[in-house]
Structures are given as structure tokens and as C-alpha cells.
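Only the coordinates and a few stated rules stand behind these numbers; no lab work does. In this text the structure is predicted, and so the values were computed from the model without any measurement. Heads up, the Cβs are rebuilt from the backbone with ideal geometry, glycines too, and the neighbour counts pull from every protein chain shown.
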Amino acid sequence: LTYSYLNQIRTAIDLLASLPLIGPKTATKLAFWIIEAPKSKVDKLLDTIRELKDSLEPCRQCFSLTVRGRQPCDICQDRSRQRSICVVESAMDVFHIESSGTYNGYYHVLQGLISPLEGIGPGELRIEELLQRLQKGNYDEVILALPPTVDGDMTSMYIAERIRERQLELTVTRLGFGLPVGSTIDYADSLTLAKALENRKPI
Ligand SMILES: [Zn+2]
């Protein structure tokens with residue numbers, strides 16, 4: 001590629017191809033879509049991305065997302081919710097469960113799972129913060145909504161054990177899968193998720 005404009009396009013394609021789920025073919029199509037689309041449309045896209053990146057931060061209580069400076073988040077501040085905490089791997093799971101409209105309690109985002117293979121221990125997750133929340137607030141139930149994988153199971157067992165040790169008086173449940181083994185929550189449609197939440201079982 002000897003002409004500078006071709007190199008410029010190549011640079012954009014490489015950058016787009018580095019995004020998750022985007023291969024070189026899609027990246028090339030996207031680059032030309034950007035070049036040929038109305039400027040107003042591209043500007044709106046860029047503004048939305050920048051705003052998304054600049055205006056959100058983790059909630060200091062549940063570690064889901066909140067508008068910057070609004071601590072704790074709207075869900076944590078909502079007093080009308082049921083006294084349960086749904087424990088999930090990531091903020092994306094909160095997004096999915098909220099979108100499904102099947103759950104009306106609070107959340108706690110672990111920001112990962114225990115994974116010996118990847119060298120992630122319990123200390124690197126928000127487990128201690130969860131236990132402190134449970135000890136302080138009067139919650140009735142903890143729902144472990146973690147994926148049905150080796151890491152997800154190990155993390156669920158670990159948390160259930162820590163809750164038992166502290167002799168907290170609350171029910172600990174897991175999602176009734178429902179969800180195919182090896183899948184994570186974000187792959188499940190809202191109907192599967194609704195069923196899994198409905199069929200939750202004590203552990
Ligand atoms: Zn929160």
C-alpha cells in the first residue's frame with residue numbers, strides 16, 4: 001500500500017479488527033461504512049461512545065455501573081426493591097437481568113470469577129465487600145447467579161461456605177439451569193433467564 005490514503009484506511013481497519021467479535025472482513029466493511037456514511041451519523045456514534053466511556057463508573061456498593069458521581073447507584077438507592085442480593089460476574093449480567101424484568105432485588109458484581117487456571121483468587125474479587133454488605137443489611141436471600149462452568153461453580157461454593165461460616169441468617173440459592181452447561185448468562189435469552197431465576201434452588 002504505497003498511497004497514504006490507503007495506509008490511513010488500513011490503520012483504521014487494523015484498529016477496528018482489534019475490537020471483540022470483529023474479524024478483518026467485518027472491520028473492512030465497517031471502515032468503508034464510516035467513510036461513506038453521513039457525517040452526522042458518524043458524529044453521533046462517536047459522541048455516544050465517548051459519553052458512555054466518560055460518564056459511567058463502578059458503584060462503590062454493588063460494583064455495577066452508575067453515572068459518574070452518583071454514589072451509590074440508582075438500584076442501590078431504590079428502597080422499594082426486595083431484600084435480596086443477586087450475585088453476578090459482571091456489570092453486563094446486571095444489564096441483562098434488568099432488561100429481562102424478572103428480578104426486583106439488589107445486585108453485587110464480583111468483577112470476575114475464582115479461576116486457578118488464570119491465577120485469580122477470591123481476594124481479587126469483591127467477595128469480602130459482599131459479605132460485609134450481608135452482615136450490615138437485613139437481606140433475606142442471596143442468589144448466586146454465576147455461570148454453570150467450573151469457575152462459576154467453584155466461586156458459588158466458596159461464597160456459600162463463607163456465608164455459612166458467618167452464620168448469617170439468610171437463604172442462599174442458585175439459578176435453576178435452564179441455562180446450557182458452559183454458557184454464561186449473557187448468552188441466555190431473557191425467557192431462559194426468567195425461568196432460571198424462577199427455578200432457583202437452595203444450596
Ligand atoms: Zn449499586
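Can you sort Val172, Val142, Val150 by how many other beta carbons sit within 10 Å, fewest first? The partial results should precede the final answer.
Details: Val172 20, Val142 25, Val150 14.
Result, fewest neighbours first: Val150, Val172, Val142.
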Distance in nm between pseudo-label sites at Glu128 and Asp14 (7 Å out along the Cβ direction from Cα):
4.2
Which value in nm describes the separation of the simple spin-label points at Arg162 and Lys136, placed 7 Å from the Cα toward the beta carbon?
1.5
With 10 angstrom as the radius, rank Ile127, Ile143 by how many other C-beta atoms surround their C-beta, starting from the fewest.
Ile127, Ile143
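For His108, His96, which order do you get if you count the other beta carbons within 10 Å of each Cβ and list the fewest first? Mind dumping the intermediate values first?
Working: His108 27, His96 19.
Neighbour counts put them in this order, fewest first: His96, His108.
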Full-stretch length increase - Asp78, Arg50 - with 0.36 nm per residue and alpha-carbon distance subtracted
7.3 nm
Report the calculated FRET efficiency for Phe95 and Leu6 (r = Cβ-Cβ distance, R0 = 35 Å), to the nearest 0.05.
0.35
In nm, what is the difference between 0.36 nm times the number of residues separating Thr26 and Asn199 and their Cα-Cα distance?
58.3 nm
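What is the percent of Cα-Cα separations in the chain that go past 27 Å? It would help to have the intermediate numbers written out before the result.
Values: 8852 of 20503 pairs.
Pairs farther apart than 27 Å: 43 percent.
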